[in-house]
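Contents: one structure, followed by commentary.
The values are calculated or read from the model by the stated rules, or taken from the named source; none is laboratory data. Everything quoted here is computed from the prediction, not taken from an experiment. Here the Cβ positions follow ideal geometry from the backbone for every residue, glycine too, while neighbour counts run over all protein chains shown. Ligands, DNA and RNA are excluded from the accessible area calculation, which covers all protein heavy atoms including side chains. Shrake-Rupley method; radii C 1.70, N 1.55, O 1.52, S 1.80 Å.
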Amino acid sequence: VSTGRAESLDAARARLQTTIDDGSARAKFAEMVAAQGGDLEAPRKVAPASDVAAPRSGYVAAIDAEKLGEAVIAMKGGRQQLGDKLDLSTGFEMHVRLGDHVEAGQPLAKLFAPEDLASAGGQKLIEAIEIEDASPAVGPLILERID
């Protein structure tokens, strides 16, 4: 709308949905990936999965993003220094968000890491997620919509 390519927000949404439905959005994405030497059709290795369990019951009061990054680095999915080789099969999938109530032993996240690195990555994830007895005050997930 702000670029003048659509006259209204509804028209812009319809145009975007058309690019998804007709495949042109994916084709453009594949073109950008190919320009950087990538191949969307190439098989992707995924490291073995394991759950990271809550050490105790309570509420997710805080999640330290820096420590989440340290977890990825511990699994070789990020670099500590220039030149470190990356293992792109690693990562994690969060199962909780701020304010969620969790029980001891409940999965907080699914970890994707080689067996020899899973323990270190899992420990960093546990350190990143603060669990408290009281439910924290949590703001809305979306603060503001800009139209």
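Values for this structure:
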| read-out | value |
| --- | --- |
| Furthest towards positive pole of dipole, 89, 3, 108, structure part the chain, Cβ charges | 3 |
| Cut-off 15 Å between beta-carbons: net charge of the residues surrounding residue 61, Lys and Arg +1, Asp and Glu -1 | -3 |
| Longest segment of the chain lacking trypsin sites (Lys or Arg not before Pro) that sit in a DSSP loop with at most 10 other Cβ atoms within 10 Å | 98-144 |
| Computed accessible area, residue 3, all protein chains, 1.4 angstrom probe, square angstrom | 110 |
| In segment 35-147, lysine pairs with alpha-carbon atoms under 15 angstrom apart (chain gap of 8 or more, or interchain) | 6 |
| Value at 222 nm in deg cm²/dmol, rounded to 500, when DSSP H runs of n ≥ 4 in the chain each add -39,500 (n - 2.57) | -10500 deg cm²/dmol |
| Dipole magnitude of the chain, debye to nearest 20 (Cβ charges: Lys/Arg +1, Asp/Glu -1, about Cα centre) | 400 |
| Most mobile of 131, 20, 63 in a GNM of the chain (Cα contacts under 10 Å) | 20 |
| Cβ-based charge dipole, segment 7-147, positive-most Cα from 128, 37, 54 | 37 |
| Built amide H within the under 5 Å cut-off of residue 100, gap 5+ | 60 |
| 1.4 Å probe accessible area per residue over segment 32-109, in Å² | 64 |
| Label corresponding to volume of the Cα convex hull per residue in Å³ when calculated from the structure given, among (i) 178; (ii) 121; (iii) 141 | (i) |
| Anchor residue 28: aspartates and glutamates whose Cα lies under 18 Å away (excluding residues fewer than 8 positions away in-chain) | 39, 41 |
| Within a Gaussian network of the chain (alpha carbon springs, distance under 10 Å), most fluctuating of 125, 40, 108 | 40 |
| For segment 52-59, Karplus couplings with θ = phi - 60° (6.51, -1.76, 1.60), whole Hz, Gly/Pro x | 10, 8, 5, x, 7, 7, x, 10 |
| Gaussian network model of the chain, springs between alpha carbon atoms under 10 Å - residue of 91, 83, 37 with greatest fluctuation | 37 |
